[in-house]
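Encoded as structure tokens, the structure appears first; notes follow it.
Derivation of every value follows stated rules applied to the coordinates shown; laboratory data play no part. Note that this is a predicted model, so its numbers are computed, not measured. Because the Cβ atoms are built from the backbone with ideal geometry, glycine has one as well, and the counts that use them run over all protein chains shown.
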2 protein chains.
Amino acid sequence: MTEPCTCPGPPYYSVIFANQRTTKDQAGYEAMADRMFQLAQQQPGYLGADTARDAEGFGITVSYWRDLEAIENWRINSEHLEAQQLGREKWYETFSLRVAKVERG
Amino acid sequence: MTEPCTCPGPPYYSVIFANQRTTKDQAGYEAMADRMFQLAQQQPGYLGADTARDAEGFGITVSYWRDLEAIENWRINSEHLEAQQLGREKWYETFSLRVAKVERG
């Protein structure tokens, strides 16, 4: 799901999502992750994303966005809200989520 | 090398380093990565780091810092400069590096 950012010069925004997968429901998780990636790409202000998950199930996804409004619209997207709830309920053991303004790079 | 951030409330800073490993020198790379992680932990203003690398060698490391001065001091650390050069020469096929101010999370 890595799609190199077609980033403008700074400033723009990043969402840093680090998480530990549970061992539950791998097929359901993968299907939803693919769907969320497709859906994110269609959002106004989406610029790209980097993602990696290691063999122990620890993953980081950093997505890039034009501005805070684009991030907020994505956060409250109804399909995405449903995915977030399933993530909390069964897919993620732990996670952290940060919003950061890219100043360089 | 993931060490959960003992982060204060925002604002603080993140360095988002995404990279594709070459297939060269796995042992040398791992030894240096371990050393750099140890060294980073000793830097003033270091707060923590998340890291993940997938089976295809694509990795993301996000490190967290008190301020831009701490990041700059780490960037110009002499051992770290040497590691950066080896990274460009043989360990990384491609990489991106961003500095971003954490505003939420």
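For region B:55-74, give me each residue that is aromatic (Phe, Trp, Tyr) and either surrounded by fewer than 21 Cβ atoms within 10 Å (Cβ to Cβ) or more than 15 Å from the chain's Cα centre (by Cα) (or both).
First, the residues of region B:55-74 that are aromatic (Phe, Trp, Tyr): B:58, B:64-65, B:74.
Result: B:Phe58, B:Trp74.
Can you work out which of the residues in region A:9-27 that are touching a residue at least 40 places away in the same chain (Cβ under 8 Å) and away from chain B (no Cβ under 12 Å) is surrounded by the most Cβ atoms within 10 Å (Cβ to Cβ)? Walk me through it before giving the result.
Keep residues of region A:9-27 that are touching a residue at least 40 places away in the same chain (Cβ under 8 Å), which gives A:10-22, A:24-25.
If we keep only those that are away from chain B (no Cβ under 12 Å) too, we end up with A:22, A:24-25.
On the way: A:Thr22: 16, A:Lys24: 12, A:Asp25: 14.
Restricting to residues being touching a residue at least 40 places away in the same chain (Cβ under 8 Å) and away from chain B (no Cβ under 12 Å), the top hit is A:Thr22.
Kindly evaluate B:Leu81 against the criterion of being among the aliphatic types (A, V, I, L, M) and surrounded by 16 or more Cβ atoms within 10 Å (Cβ to Cβ).
no
Can you name every residue in region A:35-51 that is of a type outside the set (S, T, N, Q) and within 16 Å of A:Asn77 (Cβ to Cβ)? Before the answer, list the steps.
The first filter runs over region A:35-51 and keeps only residues of a type outside the set (S, T, N, Q), leaving A:35-37, A:39-40, A:44-50.
Those that are of a type outside the set (S, T, N, Q) and within 16 Å of A:Asn77 (Cβ to Cβ): A:Arg35, A:Met36, A:Phe37, A:Leu39, A:Ala40, A:Pro44, A:Gly45, A:Tyr46, A:Ala49.
In region A:76-105, which residues are within 11 Å of another protein chain (Cβ to nearest Cβ) and either without any contact (Cβ under 8 Å) to a residue 12 or more places away in the chain or out of contact with any Asp or Glu (no Cβ under 9 Å at 6 or more places or on another chain) (or both)? Steps first, please.
In the first step, residues of region A:76-105 are kept if they are within 11 Å of another protein chain (Cβ to nearest Cβ); the result is A:94-105.
A:Thr94, A:Phe95, A:Leu97, A:Val102, A:Glu103, A:Arg104, A:Gly105 - these are the residues of region A:76-105 that are within 11 Å of another protein chain (Cβ to nearest Cβ) and either without any contact (Cβ under 8 Å) to a residue 12 or more places away in the chain or out of contact with any Asp or Glu (no Cβ under 9 Å at 6 or more places or on another chain) (or both).
With the requirement that a residue be exposed (fewer than 13 other Cβ atoms within 10 Å of the Cβ) and within 14 Å of another protein chain (Cβ to nearest Cβ), what does region A:28-49 give you?
Correct list: A:Glu30 only.
Does B:Ala52 satisfy the condition of being surrounded by 14 or more Cβ atoms within 10 Å (Cβ to Cβ) and under 30 Å from A:Asp67 (Cβ atoms)?
Numbers: surrounded by 14 or more Cβ atoms within 10 Å (Cβ to Cβ): yes; under 30 Å from A:Asp67 (Cβ atoms): yes.
In short, yes.
Determine which member of the set A:Glu30, A:Glu72 is out of contact with any strand residue (DSSP E or B) (no Cβ under 9 Å at 6 or more places or on another chain) and within 23 Å of B:Ala100 (Cβ to Cβ). Spell out how you get there, then give the answer.
Numbers: A:Glu30 fails: within 23 Å of B:Ala100 (Cβ to Cβ).
When all the criteria are applied, what remains is A:Glu72.
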